[in-house]
Amino acid sequence: MDASKIFVLYIIFNFAFATMYSQANDGYERRALSGNRLVEVDGLDYELVDGKAEVYRFVNQNDCSRIDIPSSIVYGDECFDVTKIAYSAFAGCYFLDSITVPESVTQIANGAFSGCQRLSYIRIKNPATILHNIHPRIDCPNLPCENGIRYADKIAVDWDKIAGQPYVIKEGTVSIASNAFSRLDCESIQIPVSVKIIGQYAFDMSTLSSITLPDSLEIIGEGAFAGCANLKSIRIPKNVCDISGRILSDCPALTQIEVSPDNPRYDSRDNCNAIIESATNRLVEGCTGTVIPQNVVEIADYAFSECSGLKTLSLPASVAKIGRFAIVDSNIESIKINRNNPFLESRRDAVIDKKTGELIFAIANASRIPGGVKSIGWGAYWNIKGLENVRIPRSVVSIGTNAFGDCQKLKTVCMLGNITEIPKVLFSGCANLQSVKFPKGLQSIPNRFFRDCPNLQKVAIYESVQNIGEYAFAGTSVRKIKLPKSLHTISQGLFYECERLGSVIMPESLDSICARSFGRCKSLRSITIPEGTLSIGNQAFWGTGLESVTIPESVTQIGDLAFSYCQKLESVEILGQIEHMGAHVFNHDGGLRTIKLSSSQPPYVEQGDALYDYKPLFENCTLYVPSQCIGQYRESPFWGQFKNIEPLTK
């Protein structure tokens, strides 16, 4: 392909990219208008949030090659400091060559310059500005590159593969952007003494085996060295004052952690191979070689997360609190708690808070929940590989988010406790879960609750449940279910794509069946819609295996495509006075043989897409209506097209 054709394709691609982001931002504009104020000043759209201004879209994308963002804007009688450049703010600005970011801006979001193919200069006046990953190799290939490292002003933002030489970040660089060296294929990298900030996941999943951090460093972002499988040791310099957490998560080879003795904020006392917040005695980060000192009172969230080399954890008498997901994915096989510890105890391979009764976490060998536990903490049984059957004792009154997440062998769960509320996410990644029995006092099941449980077959729901969220059982293998009498609405997509669902008992209390409630339930052959139901939503029974259906007198509204693509549906009887029917309610392919309407007035039917061919329906299906109303139906724009209209007999 010659150069001229390549250039044309390049222009077309960027135009399409700009259009796509323009459409995306139009949607964002509608969302912004519903909440914060949205204003345009000198060709830039700003969202006014809590007295500040955020740049989120460049209006004149094709009219300007250079932009100087102001430090503040005036709107009405108010002045707003510009503090952030939002996601995709300049996305698709093909003609943009340079941009100057004022000192007031402290954060540049992901994708802010996506598709800015000609952007070659970014001036960032505030060295402390946090620059999230901008994918410069793809989005901004013209940013300056030196020795395999790409820069936006004084911020290192990305790397290119080079051979035969080490990576050296140039002198004067003040910050390393989020994800800048993610997956870096190199054993070491030289960081100059000018660097003050290392962004989130800056070296995530790199092959670094060693790294020397300069004394100038002040801030280390979340997950900065997460997933560095070859990293063996690290030293935290004296001026580091802010560690966001999880900076050493999933570093299995890491055995040595040292903090400079001159650091006033953190320490690694007694050669403990951990990072401890000195003022609070809180252990922030640990590793395989950590020995928790006697005076540590708290283990922080994620402190030992994904520390796969850690097999035994010993807790001294001083430890009173353990944070959420503190040992998640760590494969700890044994736990030792000092017998003089007044705060924590170990029972049945689990650590329990003596005062609150909370089960904080379980170790790899756990198979049962001990009795007397009052609550199960966040991620308490996360990724416990041998856990197959869970019986939650009656003493339990609350369960934390993802308490059983990623338990891939988990098959059955029986909740006996006095639990009235469950978290939005509890069984994520539990692909083999087959049976769940909810507690008697439960009031609500959250949206998409079983989204990661395709093999779920059996569910027991008690009458206390008043609400079941959207798509709660979507995509599962549930075969039959009885819905509680207290339920008034079958929510949107509740059983969507439950292809094995063959039996549903609906409560008499039902008011409405929402959109896609039973969509694509191919094994559903029959359904009894209770009297009292008022409406059936769009695509409610779309693509099911229904063979016949009777719609009760109470129903007055039927949505678009409600019974469309039901290939086996042969007869429909509508008993009530239908006021409104959506477009394409029934199949068009001629499979439907009879429709019986009791309505004395021809129901209004929405005009559908002209591409749909109703001819097979009109020719092959017989319409039965009250004998005294046949004339009215024959004159109806929709119903009058049926070839065969016969009197309805009781």
| said: Quick check on packing: order 468-476, 445-453, 312-320, 631-639 by the mean number of other C-beta atoms within 10 Å, highest mean leading. | reply: 468-476, 445-453, 312-320, 631-639
| So who's got an amide H within less than 5 Å of the one on Val82, skipping anything under 5 residues away but keeping other chains? H placed 1.01 Å off N, in plane. | Ala53, Ser72, Ile73
| Over segment 271-314, what percent of the accessible surface lies on carbon and sulfur atoms, probe 1.4 Å? | 45 percent
| request: Step through the residues of segment 292-306 one at a time and calculate ³J(HN,Hα) from phi using the Karplus curve (6.51 cos²θ - 1.76 cosθ + 1.60, θ = phi - 60°), rounding each to whole Hz and writing x for Gly and Pro. | output: 5, x, 5, 9, 6, 9, 8, 9, 6, 3, 6, 4, 10, 5, 6
| remark: Contact order relative to length for the chain, counting C-alpha pairs under 8 Å separated by 6 or more residues, stands in percent at 4 percent
| query | Using Cα atoms only, what is the angle between the long axis of helix 3-33 and the major principal axis of the chain, expressed in degrees (0 to 90) to the nearest 10? | reply | 80 degrees
| Furthest towards positive pole of dipole, Ala366, Ala320, Ser428, structure part the chain, Cβ charges | Ala366
| task | Compute the length gained on full extension between Asn365 and Lys385: take 0.36 nm times their separation in residues and subtract their Cα-Cα distance, giving the result in nm to one decimal. | result | 6.4 nm
| Using the scaling law 2.2 N^0.38 Å as the reference, what is the normalised Cα Rg of segment 495-630? | 0.98
| Which trypsin sites (Lys or Arg not before Pro) from segment 248-331 combine a DSSP loop assignment with at most 10 other Cβ atoms within 10 Å? | none
| request: Taking the Cβ of Arg634 as the centre, find all other residues whose Cβ is under 15 Å away and add up their charges (Lys, Arg: +1; Asp, Glu: -1). | output: -1
| said: Quick check for you: with a 1.4 Å probe and neighbouring chains kept, what is the accessible area per residue of segment 199-280, in Å²? | reply: 40 Å²
| said: Residue by residue through segment 154-162, what is 3J(HN,Hα) from phi via Karplus (6.51 cos²θ - 1.76 cosθ + 1.60, θ = phi - 60°)? Round to whole Hz and write x for glycine and proline. | reply: 9, 10, 6, 10, 6, 10, 10, 5, 10
| note | Once Ala460 and Val193 are pulled to full extension, the length gained, defined as 0.36 nm per residue separation minus their Cα-Cα distance, is 89.9 nm
| Over segment 350-447, what is the percentage of antiparallel beta bridges among all DSSP beta bridges, to the nearest 5? | 20 percent
| message | Positive end of the dipole of the chain, charges at C-beta (+1 Lys, Arg; -1 Asp, Glu), about the Cα centre: which of Ile130, Cys64, Pro214 has its Cα farthest in that direction? | response | Pro214
| Given segment 365-409 reduced to its alpha-carbon atoms as identical point scatterers, what log10 I(q)/I(0) does the Debye formula return at q = 0.15, 0.25, 0.28 Å⁻¹? | -0.33, -0.91, -1.09
| request: Could you tell me the largest-minus-smallest coordinate of the C-alpha atoms of segment 329-428 on each of the three principal axes, in descending order and whole angstroms? | output: 36, 28, 19
| message | What number results when the radius of gyration of segment 359-512, computed over Cα atoms, is divided by 2.2 N^0.38 Å? | response | 1.00
| What is the Cα convex hull volume of the chain when expressed per residue in Å³? | 210 Å³
| remark: Taking a probe of 1.4 Å and leaving out DNA, RNA and ligands, segment 401-547 shows per residue an accessible area in Å² of 41 Å²
| field | Gln601/Ser477 FRET efficiency (R0 35 Å; Cβ-Cβ; nearest 0.05) | value | 0.20
| request: Given the peptides 542-548, 491-497, 256-262, arrange them by the average over their residues of other C-beta atoms within 10 Å, most packed first. | output: 491-497, 542-548, 256-262
| query | How large, in percent, is the carbon and sulfur part of the accessible surface of segment 342-401 at a probe radius of 1.4 Å? | reply | 48 percent
| remark: Share of accessible surface on carbon and sulfur in segment 441-560, whole %, 1.4 Å probe and ligands ignored, is 42 percent
| request: Return one whole number: the accessible area per residue of segment 572-650 in Å², for a 1.4 Å probe. | output: 53 Å²
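The values are calculated or read from the model by the stated rules, or taken from the named source; none is laboratory data. All values derive from a computational prediction rather than experimental measurement. When we count neighbours, we look across all protein chains shown, and the Cβ atoms used for this are built from the backbone with ideal geometry, even at glycine. Just so you know, the surface numbers come from the protein's heavy atoms only, side chains and all, with ligands and any DNA or RNA stripped out. Shrake-Rupley method; radii C 1.70, N 1.55, O 1.52, S 1.80 Å.
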